[in-house]
Every structure is written in structure tokens, then in C-alpha cells.
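Chemist: Can you read through this structure? Questions will come right after.
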Amino acid sequence: MAEETKFEPRIVAFLCNWCTYAGADLAGTGRNQYQANVRVIKLPCTGGIDPLFLIKAFERGADGILVSGCHPGDCHYNSGNYHARRRWNVFRPLLEFCGINPERIQFSWVSAAEGGKWVETINGVVDTVRALGPFEGYQKINAVGSDASGEAATSGDTG
Amino acid sequence: MSKKIGVFVCHCGTNISATVDVEKVAEETKKNNPRVAYTTTYKYMCSDPGQKLLRDKIKEEGLTGVVVAACSPKMHEHTFRNAAVKTGLNPYHVEISNIREQCSWVHPDIPTGTDKSIDLVRMMTEKTRKDKSLTAIKVPVTKRALVIGGGIAGIQAALDIADGGQEVVMVEREASIGGHMAQLSETFPTLDCSQCIMTPKMVEAAQHDNITMYTWSEIESITGYLGNFDVKIRKKARSVDLDLCTGCSSCWQVCPCKKIKSEFDMGIGNRTAIYIPFPQAIPSKPVIDRENCILFKDARKKNIKPNDSKVCRKCIDACPIAPVKAIDYNQEDEIVDVKIGAIIVATGFRELEDGLYGEYGGGKYEDVITGLQFERLASASGPTEGKIKRPSDGKEPEIVVFIQCVGSRDPAKGCSYCSKTCCMYTAKHTMLYKHKVHDGHAFVFYIDIRCAGKSYEEFSQRAIEEEGATYLRGRVSRVYKKGEKLIVLGADTLTGSVVEIEADMVVLASAMKAQDDAEQFAQKLSIQYDKDKFFSEMHPKLKPVESSSAGIFLAGTCQGPKDIPETVAQAGAAASKVLALLSSDELEREPVVARVDRQLPPVFSTCIGCFYCQKVCPYSAIESEDIKARDGSVIKTVARVNEGLCQGCGLCAATCRSKSVELEGFNDEQIYAEINALEFN
Ligand SMILES: Cc1cc2nc3c(=O)[nH]c(=O)nc-3n(C[C@H](O)[C@H](O)[C@H](O)COP(=O)(O)OP(=O)(O)OC[C@H]3O[C@@H](n4cnc5c(N)ncnc54)[C@H](O)[C@@H]3O)c2cc1C
Ligand code: SF4
Ligand code: SF4
């Protein structure tokens, strides 16, 4: 296989400070290796994630997104992660409507103690998105504006 | 005014520089970002000269924002923010780019790690551009400590804190405090009787004015943060009213269920269904074992309230307390709420289950026992009153084989570590045995003898030289039964021969393991644990009693195998940390709080007064405020955040439809700046 055709997915991970960020730190302390495709953005709680952050990340070239926080019942803020879930339930159909394959956004729970689970999760997301291929939906949508062919907008995510 | 940002890339010795080309990170950062006024790399940014470098450059270069590319912000964000404060720069203009835990330690390939580091630094630089000056919030400290676990670790920590003048709440899940130390017979290296040194401490803890004790209780939930935890304690139904009961013993003497295996005696002695775990129990008041009590069994079968059952009722009839009996069959669990400033976790260990060693007959032959079972045999208050009798027929064993490292140092059985205490307690066991069975013979199979402690080597030598225990270096391959004897097949690697010993009893020095529920417990508290489920200290060398969560400390064997002296030392250290914390009236809290937009008239605020934010806020921190005209008439009603209550989760900001709420330190501008910086090299 030719070198240049090898697709490396670009993943953005929105992590809560208390659980998953600390879990990722633990993976580091344990020198547990994982795929380097992820860029982490830290927030106090996954409940504070505005869905538009995710859209923006796709616009900036992300092929996949991981949102990861505390286990249900363990949220540092009692119920933040639960709100994150609910918001996602509303947001998901919207994504599909926009032609973004919802598989490109993954949710997980990784506690501060689960360095190993962080490694599995991130490798899992990278592999899933690698199989889906690059995300081109946004470029296509942008392209609609310039050449009003309309085709791209309806074809949606090819992945 | 645009910011002048300085980027400091740390080598972390070689922790970062071995797999990340730090010079390249600095160069690329400078080259591609016009707002970066200064970049450098340094061997140890957190060191004194490193911090000085940071301070000097902030002043010399007139930096108004700083990114330190180094270890996790959880390690040194504080350090660098404090350094910046000394130059007059507001600390919230200092950010950490985590290129160690998230990069150098997890990506061994240098180009990959370097590229990712460049990305991470760029993202943080962009965030820093949008950082605003913030002022730390002062919060009052709740002057009360919680100690979870009432073994020697918990008792020592509680006493130290209480003697220091602070209140302590102690939670123990068993019916009595004491933990494993209460089970021991005599203790190495001095052979003083465990009960004799333990029970006075138990009594002292129970009677201390500053200690409130909850036994037969567990932690239901813990929320909040350093200085202000909200803890719910579940007082499990004991079926006995602790205030009324005098511990007279009438009830357990009449209880007809006498053949229940005693947990305290490790199953080699029996107890009743209403029982105190051991004679010196604190509190010395009983609990009903609802699983085994025939009255409760009847009630479950008939699906009636326990007190409506007519079966037995011997204990309640025997209870002399009047007019209200101290026994209450219908008692239910109770939840107690307490406010806590700091927490010590002292939940201890458990012994490896003997059934795991089938080849040694563990869990199969009655006369193959564990170390703790031997302690109970040798204990004056144990089921044999300290006489060494083998469980199967009560005969005094003439030959006893002790096997060390059972489970420990055996990755195949899931513990690769050394349990640290077994070499010493096996030597102790051989001595106790010889003291009681003068013409008996003790054999010990060992892999290595590790007795590194003050007077420890001398102690184990005494077992060999003075007490005449035969130490054989090698592993046992099998133990099987032949008539009344147990045949122990092993190797003596020093002579290269196979050894076969006809023993009367075999004692397994079983590994010290983390508690079964360690994982769930750690998650409840948001603390980290290691591969063996022992709780992790913040730093293995420099922060040995701090957990990964601020305000939560570790003491004793919940953190790893250790003996009593080490446990007590660690408990004292944890207690002193807690005392230091509770000695201040106020703590500074990160000013990560939400704010609702305010602006000049005629708009006043973009808030449309829908109060969706109020619905989602877990802390009821959103209030309403009337904006009034000069004549007092209300122009509009908008949301306002009470910063004393707000914990900074940002739920409100993500919920607000008019984008009127922002979370300080993580506002939309800052997050979008980070996202926009995702160029993905
Ligand atoms: C066979 C044997 C012999 C030993 N002999 C010696 C010796 O001679 N000298 C010596 O120095 N050391 C000896 N040790 C080691 C010694 O037993 C330990 O160092 C010591 O008991 C550790 O005390 P701890 O408080 O950390 O734990 P533990 O004694 O295990 O106490 C933990 C307590 O926490 C409670 N708990 C657990 N989970 C919870 C929860 N979730 N909520 C509330 N409470 C909870 C438990 O019920 C228990 O009471 C021996 C160990 C063994 C196995
Ligand atoms: S008989 Fe009553 S007072 Fe006496 S120990 Fe039992 S419950 Fe307590
Ligand atoms: S940030 Fe969280 S705690 Fe603070 S006001 Fe908003 S919802 Fe409430």
C-alpha cells in the first residue's frame, strides 16, 4: 500500500477534569502506549460541553470526537454527566440530519482510576474512525455555498 | 491589546526530552505564532532555577501570558501560577500544556510525539490569548475530618486528629473497630500481645470527646471538594439500639444459632446469630446477623415484618432493658449527613482466599490453614484459647510446615508484588508454635527471606538459631492427604533435592490483597488505584499519603501491604496533613465560576430570563435578580450566579440559549480558541 494513501484519523477528545483527564494522566504515569491521533481539550465537566463545540471541531478538520467523563453516579458535580447524555440524545438526530455519521462521536466513562480503560477507549475510537474514513461532510457543505450544485449537501457523510 | 505570550518547554530531565524533540517544539511554536513573543526550553521547569527563569522572563520580556509545556496540570499548575504571581502577573494567565502524561510517556516515537506536542502547545497558546484575570475565591473550611476504616490505621489517624483538637467522624463497616490487628496473637518484632496494645487504643478512640464513631456503617456517597465535602453515611440496621443496649451479654448467651462460622476467627471458631465479633469489641454491643437468624429467615419466608415473626424471639425475651427493649427487629438502615473538611481512607486489606491454592489443599483440607487462621489459633482469646490444635481433630500438631509467598510474587495468581509482612509473621509463627509445642518441629519453605526493618533480621535469625525452625529454600509443588497426615512435596534448591515432609498441619502465608470492593470504593471517592487495586498515592516519593483527589488522604494497607509500625507512621503523617488543612479558616478556591452577562443600559443583560440554567444547576447556585429603573419599577428579571454556591461545572453555560452565561476560566472564547487551533499537523 502506498504511504500517502494511509489515512490517519484526527480525533478531538473533550474530557472532564476530574475523571477522564485524570484517567489519561494515569495511563501516562503507567507508560501505557496508545495511538497518537488524539488532541485533548479539558473542561470541568462533560455537562458543560456545548454541542456547537463538537460541530466546530468537525469544521476544523476533526474526523472523530470523543466525549468522556465520570461514570454515572460519580460525577464530581453530581449530575453533570447525566445532562451531557440528555443533551446528546437531542443533538444526535440533528447530527444525522446534517449528514454526520453519529459513530464519529463517541461517549465514554473513564474514571480517574482507569488508565487502562482510557487506552482501550482511545484506541477504539481511532480504529472506528479509521474504518469510517476521513470526514468530508463539512468541506462538502461549505462547497455547496460556492457551487450551488446541491448534490454534496444531500450525499452527506460517505463514511 | 494583544497579549505577549511566553512558552517554556520542559525537558523533565529526560522524561519529556527522550521522546519529544523539545527544541523543535519551541522553535515551531515561535515560528508559527506571531503572538508568541518568547520561547525557551529548560531541563526542569519546576526546579528553583526553572521557576526563576519563568519569573525573570515574564519581567524582562514583558510577558502577559505564559504556557508551560510540561507534566500534567495536576502536578505543577499551582507551582507555575504561584511563580507568576510573584512577578505581578495574574495567575490565570498561566496555562499548562500537558506534553508528558499525554505525549512523551505514551508515544515512544519521537516525530509523532514532537508533532503532537507542537499541536498541544499551539492549542494552549491560543487559549491563553483569551485568558482573563481572575481572583481566587475564599471558602470557609469545615473543621471536621472523616476517617473511613477502623483498623489500626484509622484508629491512629483519628486519635492524632482528635488530640490535635479537631472533630473526627469515623466510619467502620464491621460491628466493631479493630480491623486485622485485633485478630493477631502476638506481634513481631517484639512479640507483644496484639490485644494488649490494641484494645486500649480502641477504647481511647471510642471515649474521645472529639470522635464520633459509626460502626456497622458504610459510606453512601461523597460529594463536594476539599474543605467542604458532603458525606452520607449509611448506618446499616444493627437490630440493636446502641443507646439502650448495655452489652450485658444476655441475648447472645441464649441465642440458639450457635454454629455460625465466626468471621473474626477466620472460620475456625463459631458464633451466634446475635453476636459481638470478639470479647473486646468496641462497641461491645451486639448485632443480629440477619442472614442466619432464624427469626429473620422466617420473616423472609412468610414475607412479614421481622417483629411479627413468632419464631425464637429468645434474645428479645432475654434482654433486661425495660420498658423498651434494646433489640429492635424492625430497625431499618438510616442515612446520616455530615459536612467534612478532609478525609482519610484507611480501609485496609484482605487475605488472599485460600481456595485459590488447590495444589496446597487450601480450602480443601481442614488442616491447611492461612496465616490469619494461625493467628486465631495462637491467640489467647481465640477459639482454642491459644492452644495450638489442628482444626480437624483438635490434636496438637507435631510437625507444622509453613509455606511463604503463597500468592505473593506469583503473577500467575494475580499478584506480582511482595506482601512484605509474611517473612516476618512466618518467623513469628514458628516461634509462637515452638513456645507452645516445645517438642514440635517447624519447617518453612521460602523463596527469599526479606526482613528489612529495624531488628527484623535479628528476629528471623532467632527463629532459626534459637527456636530451631528448619528453613528450606524452595517452592512446594503439592500438598496431599495420606491418612491423618498431610504430605508436603517440595524442593530444597540449596541442596538440589526433593523434600517430602509428613506434616500434621500446613500454614499458608497468604498474600495481602486489596479489598474486594476497592474498585467501586475508589470510584465513589474519585481516587486512583494501581493494577493490584491498592489506592494510589499522589506521588510515590514526595506525596506518599495524599490521594489523587485534593483533601483525601491514605493511611495503612489500603495503599499497599505494610506492617503495623509502617501503618501507624503513615496514619500519623496523614493525620498531620489533615490537621494542617483544618487549621486554616479559609481555603482559596479556583475562581472557576459561572457569570451571567451584564452590560450597560439599555440592554442590561442578554439574559432573557428563561431560567433554564436554574433547572440544570446541581447546586441551586442560580438566583434571579430584578433590574430596576430609577423609580423602582422592574425593567427585567434576569439570572445571577451565587459564586459561593457555584462549583463551576458549566452546565448552565452549555444550557443557556441566549449565550448569556459563561464559565470563567473555560469560557466559550477560550474553548473555541483551542478548537480553532486544531490544525492537525
Ligand atoms: C497473618 C498476619 C500476621 C501479621 N502479623 C503482624 C505482626 O506481627 N506485626 C506487624 O507489625 N504486622 C503484622 N501484620 C500486618 C498487620 O495486620 C497490618 O499491618 C495492619 O493490620 C494494617 O492495618 P490497617 O488499619 O491498614 O488495615 P485493617 O486492619 O485491614 O483495617 C481496615 C479496617 O477498615 C474497615 N473497612 C474496610 N473497608 C471499609 C469500608 N468501605 N467502609 C468502612 N470500613 C471499611 C475494615 O473492616 C477494617 O476494620 C500481619 C498480617 C497478617 C495477614
Ligand atoms: S440483652 Fe439487650 S442489653 Fe444485653 S447485650 Fe443484648 S441487646 Fe444489649
Ligand atoms: S457552573 Fe454549574 S454550579 Fe455554577 S451556576 Fe452554572 S450550573 Fe450551577
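Chemist: For B:Cys652, are the conditions met, namely being buried (at least 18 other Cβ atoms within 10 Å of the Cβ), more than 16 Å from ligand 2 (Cβ to nearest atom) and within 14 Å of chain A (Cβ to nearest Cβ)?
Modeler: yes
Chemist: Just wondering, is there one or more residues in the stretch B:464-471 that are out of contact with any helix residue (DSSP H, G or I) (no Cβ under 7 Å at 6 or more places or on another chain) and either within 14 Å of chain A (Cβ to nearest Cβ) or in a strand (DSSP E or B) (or both)?
Modeler: Looking through the stretch B:464-471, at least one residue is out of contact with any helix residue (DSSP H, G or I) (no Cβ under 7 Å at 6 or more places or on another chain) and either within 14 Å of chain A (Cβ to nearest Cβ) or in a strand (DSSP E or B) (or both).
Chemist: Hey, can you tell me all the residues within the stretch B:155-173 that are touching a helix residue (DSSP H, G or I) at 6+ places or on another chain (Cβ under 7 Å) and either open to solvent by less than 10 Å² (accessible area, probe 1.4 Å) or within 16 Å of ligand 3 (Cβ to nearest atom) (or both)?
Modeler: Once the filter is applied, which keeps residues that are touching a helix residue (DSSP H, G or I) at 6+ places or on another chain (Cβ under 7 Å) and either open to solvent by less than 10 Å² (accessible area, probe 1.4 Å) or within 16 Å of ligand 3 (Cβ to nearest atom) (or both), the stretch B:155-173 yields B:Ile155, B:Ala157, B:Ala158, B:Leu159, B:Ile161, B:Val168, B:Met170.
Chemist: Moving to a separate point now. Can B:Gly665 be described as more than 16 Å from A:Leu52 (Cα to Cα) and within 14 Å of another protein chain (Cβ to nearest Cβ)?
Modeler: The answer is yes for B:Gly665.
Chemist: Could you count how many residues in the stretch B:104-122 are more than 8 Å from every other protein chain (Cβ to nearest Cβ), open to solvent by less than 40 Å² (accessible area, probe 1.4 Å) and closer than 15 Å to B:Asp21 by Cβ?
Modeler: Residues that pass the stated criteria total 5.
Chemist: Those residues that are part of a helix (DSSP H, G or I) and not polar (S, T, N, Q), I need them from the stretch B:612-640; list them, please.
Modeler: The answer is B:Tyr612, B:Cys613, B:Lys615, B:Val616.
Chemist: What number of residues in the stretch B:535-544 are under 19 Å from B:Gln515 (Cα atoms) and either modelled with pLDDT of 95 or more or open to solvent by 10 Å² or more (accessible area, probe 1.4 Å) (or both)?
Modeler: Of the residues in the stretch B:535-544, 2 are under 19 Å from B:Gln515 (Cα atoms) and either modelled with pLDDT of 95 or more or open to solvent by 10 Å² or more (accessible area, probe 1.4 Å) (or both).
Chemist: Could you check, for the stretch A:13-26, whether at least one of its residues is within 9 Å of chain B (Cβ to nearest Cβ), under 21 Å from A:Arg104 (Cα atoms), part of a loop (DSSP other than H, G, I, E, B) and in contact (Cβ under 8 Å) with a residue 24 or more places away in the chain?
Modeler: No, the conditions are met nowhere in the stretch A:13-26.
Chemist: Select, from B:Ile321, B:Ile327, B:Ile304, the only residue that is in contact with a strand residue (DSSP E or B) (Cβ under 6 Å, 6 or more places away or on another chain) and away from ligand 3 (no atom under 16 Å from the Cβ).
Modeler: After ruling out the rest, the residue left standing is B:Ile327.
Chemist: Criterion first (facing another protein chain (nearest Cβ under 8 Å), over 25 Å from B:Asp530 (Cα atoms), buried (at least 16 other Cβ atoms within 10 Å of the Cβ) and in contact (Cβ under 8 Å) with a residue 40 or more places away in the chain) does A:Ala112 satisfy it?
Modeler: In short, no.
Chemist: For the stretch A:59-79, name all the residues that are more than 27 Å from B:Glu519 (Cα to Cα) and either at pLDDT below 90 or within 7 Å of chain B (Cβ to nearest Cβ) (or both).
Modeler: Correct list: A:Glu59, A:Arg60, A:Gly61, A:Ala62.
Chemist: Can A:Arg39 be described as more than 14 Å from the chain's Cα centre (by Cα) and not in a helix (DSSP H, G or I)?
Modeler: When the stated conditions are applied, A:Arg39 does not pass them.
Chemist: Return a yes/no flag: does the stretch B:103-119 have any residue that is closer than 16 Å to B:Tyr44 by Cα and assigned to a helix (DSSP H, G or I).
Modeler: yes
Condition check ((1) away from ligand 2 (no atom under 14 Å from the Cβ); (2) exposed (fewer than 15 other Cβ atoms within 10 Å of the Cβ); (3) not assigned by TED's automatic domain parsing to the domain that holds B:Glu375) across all residues:
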position: B:Cys245; (1), (2), (3): no, no, yes
position: B:Ile260; (1), (2), (3): yes, no, yes
position: B:Ile268; (1), (2), (3): yes, no, yes
position: B:Ile276; (1), (2), (3): no, no, yes
position: B:Pro279; (1), (2), (3): no, yes, yes
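Chemist: Further question: Which of the residues belonging to the stretch B:68-90 are more than 14 Å from chain A (Cβ to nearest Cβ) and touching a residue at least 40 places away in the same chain (Cβ under 8 Å)?
Modeler: Across the stretch B:68-90, the qualifying residues are B:Val68, B:Asn90.
Chemist: Next question. Considering B:Pro601, B:Pro565, which residue is surrounded by fewer than 19 Cβ atoms within 10 Å (Cβ to Cβ), more than 10 Å from chain A (Cβ to nearest Cβ) and at pLDDT below 90?
Modeler: Step by step, each of B:Pro601, B:Pro565 is checked, and only B:Pro601 is surrounded by fewer than 19 Cβ atoms within 10 Å (Cβ to Cβ), more than 10 Å from chain A (Cβ to nearest Cβ) and at pLDDT below 90.
Chemist: Separate question: If I filter the stretch B:664-681 down to residues being in contact with a strand residue (DSSP E or B) (Cβ under 9 Å, 6 or more places away or on another chain), open to solvent by 10 Å² or more (accessible area, probe 1.4 Å) and not in a loop (DSSP other than H, G, I, E, B), which single residue comes out as farthest from A:His83 (Cα to Cα)?
Modeler: Selected residue: B:Glu669.
Chemist: Still on this structure, please answer the following. Only strands (runs of 3 or more DSSP E) wholly contained in the stretch B:189-242 count here; list those with 1 or more residues that are of a type outside the set (Lys, Arg) and within 16 Å of ligand 3 (Cβ to nearest atom).
Modeler: By residue number, B:217-225, B:228-235.
Chemist: Could you list, in sequence order, the residues of the stretch A:27-56 that are within 7 Å of another protein chain (Cβ to nearest Cβ), closer than 27 Å to B:Gly665 by Cβ and open to solvent by 30 Å² or more (accessible area, probe 1.4 Å)?
Modeler: Selection gives A:Thr29, A:Lys56.
Chemist: Filter the stretch B:319-364 down to the residues that are modelled with pLDDT under 90 and not in a loop (DSSP other than H, G, I, E, B), then identify the one that is surrounded by the most Cβ atoms within 10 Å (Cβ to Cβ).
Modeler: B:Asp354
Chemist: Another question about this same structure. For the stretch B:626-641, what are the residues that are in contact with a strand residue (DSSP E or B) (Cβ under 8 Å, 6 or more places away or on another chain), open to solvent by less than 50 Å² (accessible area, probe 1.4 Å), farther than 12 Å from B:Val603 by Cα and away from every other protein chain (no Cβ under 14 Å)?
Modeler: Across the stretch B:626-641, the qualifying residues are B:Ala629, B:Ala639.
The values are calculated or read from the model by the stated rules, or taken from the named source; none is laboratory data. From a predicted model like this one, the values you see are computed outputs, not experimental measurements. Glycine also receives a Cβ, built like all others from the backbone with ideal geometry; neighbour counts cover every protein chain displayed. What goes into the accessible areas is simple: the full protein's heavy atoms, side chains included, and nothing from ligands, DNA or RNA. Shrake-Rupley method; radii C 1.70, N 1.55, O 1.52, S 1.80 Å.
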